[in-house]
Amino acid sequence: AVPGAASALSALRQAGVGVRFLTNNAGKSPAMVAAEFEKLGIDASTSEITTSACVAGDYLSSKGVEGSYVYVIGEPALMSMLSERAGVRPIGGPDDAGKSKRTLQSEGHSIATLDPPAGDVSAVVVGADGDISYYKVAKAAAYLLGNPRCLFVSTNPDPAYSFAPRAGGTAPTLAPAGGVWARCVAMTSGREPDIVCGKPSRSLGKHMLSAYGLDPATTCMVGDRVDTDIEFGRGAGMHTLFVESGTTTAEAAAAAGPEQRPDFIAESIAVLEAALVGEAASD
C-alpha cells in the first residue's frame, strides 16, 4: 500500500471532495477492486469504481444490442460486466480456453461455418486474457470480417503490465496486456477498434464526465503513469497530478511531452491531505 493513501482519501471525503477510481483492468469487477482496496485499508464503494469493462458494457448498451451475441477475448469479469450492463449474451472467453489452430481445422474454420453465425454477433470485445490463443484471435477476426456491422471494442490500449510472481518468486516482470490482443485482432481482420475504453481514450473521458456529472475545471486526475493517467486527464481537460508510486520517475514525468506532462508532481497521493491541511490553516 502507498503510505498515507488511506488517510488522504479519508480527508478528501471529509472535506466534501468526491473520489472516483478508474482502472484499465477489465479482468476485475468493481466488487473485486473494492475488495482489494479493503485489504489495503482503503474504503471504496463499487459506485466509486469504474473499470474499462464497465465502459465497454455501457458503450454496447448505448448501441442497442441487447439480447445479441458478443464474442469476447477476456476474463470472466469482463463477460459478466457486458451481460450486466448491456444485456448481451457473451460467448468465447473461458469457454474457448485450450482451443488451438488444430481445433479451428477440425471445425472447418470459415466465416460460413461460424457458430453462432456472424450476422448474429453484434460485437467483438477484446481485453486481457490469460488463456489467449491462435483460436481466439482467428475467431474474433472472422466475426469482424463476416459482419461489417459488428462492433470492435478494445477495453484498453495497454501493451504490458507488471506481472508479480507468487510469494518467494523472482522480482516482478512485464507480461502482455489487453492492448496486445486488440492489435492482433486488428491486424488479422484489417479493422481498427470502434472504441478504446481505457485510459487515455478521450471517449472514456467523455463517459466519466457525463456518468458522474463532473466538471473538468474542478476535477483532478491522479496517477503514476504519464502515458495513460496523465494523458487521459489532460485530454479530458482535467487538472493532473503525477505521483511516484509506479515505475515512472518524477524526472521522466517532468520531461514528458505536452500531452503527457502533469500540472503537478508529488511523491505520493498523501500530498493531498497535506494540501487540505495547508488550505484550512490559511483560511
Rounded to 0.05, the calculated FRET efficiency for the beta carbons of Ala112 and Ser162 at R₀ = 51 Å is 0.75
Counting Lys and Arg as +1 and Asp and Glu as -1 over every other residue whose Cβ sits under 15 Å from the Cβ of Gly41, the net charge comes to -2
Note on the chain, DSSP bridge orientation, antiparallel percent to nearest 5 equals 15 percent
In whole percent, the fraction of accessible protein surface over the stretch 1-58 that belongs to carbon or sulfur atoms, probe radius 1.4 Å, stands at 54 percent
In Å², rounded to a whole number, the accessible area per residue of the chain with probe 1.4 Å is 50 Å²
Reviewing [x] 31, 22, 19; [y] 49, 20, 18; [z] 37, 20, 17, the figure for semi-axes √(5λ) of the Cα gyration tensor in Å actually calculated from this model sits under [z]
Summing -39500 (n - 2.57) over every DSSP H run of at least 4 residues in the chain and dividing by its residue count gives a helix-only mean residue ellipticity at 222 nm, to the nearest 500 deg cm²/dmol, of -11000 deg cm²/dmol
In whole angstrom, the spacing between the Cα centers of the stretch 239-274 and the stretch 32-101 equals 30 Å
Excluding ligands, DNA and RNA, the carbon-plus-sulfur percentage of the accessible area of the stretch 63-139 with a 1.4 Å probe reads 46 percent
Descending packing, highest mean Cβ count within 10 Å first, for 6-16, 200-210 is 200-210, 6-16
A student applying the Cα gyration tensor rule (rounded when a/c is under 1.5; otherwise prolate if a/b is larger than b/c, oblate if not) would label the stretch 170-249 oblate
The size of the Cβ-based charge dipole (Lys, Arg +1; Asp, Glu -1) of the chain about the Cα centre, to the nearest 20 debye, is 920 debye
Under a Gaussian network model of the chain whose springs join Cα atoms within less than 10 Å, the largest fluctuation of Ser154, Ser189, Ser110 belongs to Ser110
Out of Gly130, Gly92, Ser154 - ranked by how far each Cα lies towards the positive end of the dipole of the stretch 1-159, with unit charges on the beta-carbon of charged residues - the top one is Ser154
Counting only DSSP loop positions in the stretch 30-113, the GluC sites (Glu not before Pro) whose Cβ has at most 14 other Cβ atoms within 10 Å are Glu66, Glu107
Pseudo-spin-label distance Leu276 to Asp95, built 7 Å along Cα→Cβ, given in nm, is 4.7 nm
Highest mean packing first, using Cβ neighbours within 10 angstrom, the peptides 141-150, 224-233 sort as 224-233, 141-150
Carbon and sulfur atoms account, in whole percent of the 1.4 Å probe accessible area of the stretch 174-248, for 53 percent
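The values are calculated or read from the model by the stated rules, or taken from the named source; none is laboratory data. Computed from a predicted structure; not experimentally measured. So basically every Cβ, Gly included, is an ideal-geometry build from the backbone, and we count neighbours across all protein chains shown. The protein model used for the area step is the full one, side chains on, heavy atoms only, and it has no ligands, DNA or RNA in it. Shrake-Rupley method; radii C 1.70, N 1.55, O 1.52, S 1.80 Å.
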